[in-house]
Amino acid sequence: MNFILTLLAAIFVLGPLIALHEWGHYIVARLCGVKVLTYSIGFGPKLAGWTSKRSGIDYRVSALPLGGYVKMLDEREGEVAEHEQHLAFNRQHPLKKIAIVAAGPIMNFIIAIALFWVLFMTPSEQLATTIGKVLPDTPAAMAQLPEGEKIVAIDGHEVQTWENINYRLASRMGETDNVSVTLQSQVAEAASAQRTTYQAPVTNFMQGQAQGKDALTSFGTLPWQPTIEPIIGDLTADGAASLQGMQVGDEITAIDDTPINDWISATRIIRDSPEVLLTFTVLRDGEPLQLQIMPQGKKDNLGNRYGQIGAMVAQTDIVIPDAYKNTVVYGPGESLVKSFEKTEQLAVMTVSSMGKMLSGMIGLDNLSGPITIAKVAKQSFDISWEMVLSTAALISLSLAVLNLLPIPILDGGHIVYYTIELIRGKPLPEGVQIAGLNIGLLLLVGFMVLAIGNDISRLF
């Protein structure tokens with residue numbers, strides 16, 4: 001059942017993105033006077049559709065939903081009647097060809113901007129960017145960032161939310177350098193309040209032992225977190241905690257040699273210790289007791305391992321102090337500006353990450369394929385409609401960037417061909433084009449095999 005729901009979530013998120021991508025090609029082709037033969041959502045055998053009596057276009061939904069195509073009249077793909085040759089794609093001016101090919105990725109950029117715009121216009125109460133905790137032995141600790149002060153900029157870029165901070169830090173993945181962090185004293189909220197800039201050294205950031213951790217944890221700056229008593233409220237019957245004798249009502253006071261004062265500290269150690277035998281000291285009926293528990297190794301959607309013992313905290317009411325609250329409200333105009341800024345930031349970060357993978361700065365195991373995308377889509381439905389829109393925006397942006405890569409067979413590769421044609425005044429020799437397309441196909445297949453291999457490895 002979970003597989004079916006995951007598949008449906010992927011189709012629901014990816015289907016419209018692919019359909020609109022192809023619609024971009026389709027509408028610009030028609031505007032440029034090119035005859036469109038087929039508009040298909042999906043590949044493979046036709047499942048349903050109709051043929052327009054007016055235009056003769058075959059609109060269809062095909063069996064394989066994770067893709068689509070627009071087939072245009074083209075003399076390279078078959079004989080074209082003389083009276084229709086002016087409608088063939090290959091007969092068009094190079095600028096028209098570029099416009100038609102670029103329309104798909106541009107549509108994906110527009111979708112991402114539109115979805116981010118909706119999200120920015122949605123009022124939300126978030127945690128203020130005030131540092132709640134600095135983790136030991138992290139770049140933030142080495143820079144001596146003080147708890148209780150507000151992060152206002154990363155590397156000179158203003159940040160208003162923890163999401164902003166996370167993205168700015170994540171863009172430094174794999175780097176060895178200093179991260180500039182600007183803090184504002186909480187004594188005053190005015191713009192004139194004292195600001196101090198710290199330099200936090202990172203080495204192979206988010207790689208090695210930190211691989212799999214989020215950017216905030218790797219850097220060592222966490223938002224405010226509630227103090228929750230580390231008292232066991234419930235246990236799963238087949239969890240490691242229950243099997244090793246832990247009981248409801250036990251209070252965790254230490255894990256190995258580390259004192260535990262709150263639940264979040266305990267869960268952090270557990271998550272970072274998959275398949276590692278830990279010594280839990282608990283209070284039971286006022287008496288200390290030691291238990292040997294090995295957290296079970298699990299994997300998240302990206303294949304990162306984490307530990308789990310099957311213990312839940314006792315229910316408690318959480319009240320966020322006013323000093324750590326931040327209500328974010330943007331008007332339509334400001335939201336649109338921010339949606340453009342976010343799209344640009346994420347596009348640059350995506351391209352930069354690809355470059356880092358190719359250079360070896362970060363591992364190729366960071367590459368994700370359709371299985372991971374499907375799991376993330378399913379997870380977004382489990383959280384909220386805002387998360388669904390955010391996931392769709394990120395995927396749409398990724399599709400745009402991927403398709404613009406200058407690899408033959410992708411839209412970006414075709415744009416390169418037609419740009420050369422524009423400069424030369426004639427197309428590249430057919431043999432050169434075919435050779436490039438074959439190389440591009442091999443590269444694309446190789447990346448897909450690697451991505452799917454990464455997806456499969458994350459399942460086990």
*So which of Lys213, Lys150 is of a type outside the set (Phe, Trp, Tyr) and over 21 Å from the mean Cα position of the chain (by Cα)?*
Lys150
*Give me the pairs: first residue in the stretch 431-444 and in the same structural domain as Gly412 (by TED's automatic domain parsing), second residue among the aromatic types (Phe, Trp, Tyr) and surrounded by 13 or more Cβ atoms within 10 Å (Cβ to Cβ), beta-carbon distance under 7 Å, and six or more apart or on different chains, which are they?*
Gln433/Tyr417
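A quick yes/no check of all residues on (1) in contact (Cβ under 8 Å) with a residue 60 or more places away in the chain; (2) under 26 Å from Ala241 (Cβ atoms):
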| residue | (1), (2) |
| --- | --- |
| Gln296 | no, yes |
| Tyr324 | yes, no |
| Ile362 | yes, no |
| Trp385 | no, no |
_Residue satisfying condition, being surrounded by 14 or more Cβ atoms within 10 Å (Cβ to Cβ), in a loop (DSSP other than H, G, I, E, B) and modelled with pLDDT of 85 or more, within set Val28, Val70, Val80, Val61_ = Val80
*Filtering the stretch 105-131 down to residues that are among the small types (Gly, Ala, Ser) and buried (at least 18 other Cβ atoms within 10 Å of the Cβ), which residue is modelled with the lowest pLDDT?*
Ala128
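Condition (residue is outside the structural domain of Thr176 (by TED's automatic domain parsing), free of Cβ contacts under 8 Å to residues at least 24 places away in the same chain and over 12 Å from the mean Cα position of the chain (by Cα)) applied to the stretch 387-402: is it met by at least one residue?
Within the stretch 387-402 (the criterion being outside the structural domain of Thr176 (by TED's automatic domain parsing), free of Cβ contacts under 8 Å to residues at least 24 places away in the same chain and over 12 Å from the mean Cα position of the chain (by Cα)), the answer is yes, since at least one residue qualifies.
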_Residues that are surrounded by fewer than 20 Cβ atoms within 10 Å (Cβ to Cβ), polar (S, T, N, Q), assigned to a loop (DSSP other than H, G, I, E, B) and modelled with pLDDT of 90 or more: does the stretch 149-161 have at least one?_
no
*Take His21 and decide whether it is more than 27 Å from Ile110 (Cβ to Cβ) and in contact (Cβ under 8 Å) with a residue 40 or more places away in the chain.*
no
*For the stretch 91-132, how many residues meet the condition of being among the polar types (S, T, N, Q) and part of a helix (DSSP H, G or I)?*
1
*asked:* Quick check on the stretch 259-313: of everything there that is of a type in the set (Ser, Thr, Tyr) and more than 30 Å from Ala377 (Cα to Cα), which residue is surrounded by the fewest Cβ atoms within 10 Å (Cβ to Cβ)?
replied: Thr279
*Of the numbered conditions (1) more than 22 Å from the chain's Cα centre (by Cα); (2) in a helix (DSSP H, G or I); (3) surrounded by fewer than 20 Cβ atoms within 10 Å (Cβ to Cβ); (4) not charged (D, E, K, R), His414 satisfies every one except a single condition; which is it?*
(3)
_Conditions (1) without any contact (Cβ under 8 Å) to a residue 24 or more places away in the chain; (2) among the charged types (D, E, K, R); (3) in a loop (DSSP other than H, G, I, E, B); (4) within 28 Å of Ser368 (Cα to Cα): number failed by Asp317_ = (4)
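The values are calculated or read from the model by the stated rules, or taken from the named source; none is laboratory data. No experiment lies behind these values; they were computed from the predicted model shown. Don't worry about glycine lacking a Cβ; one is built from the backbone with ideal geometry, like all the others, and counts go over all protein chains shown.
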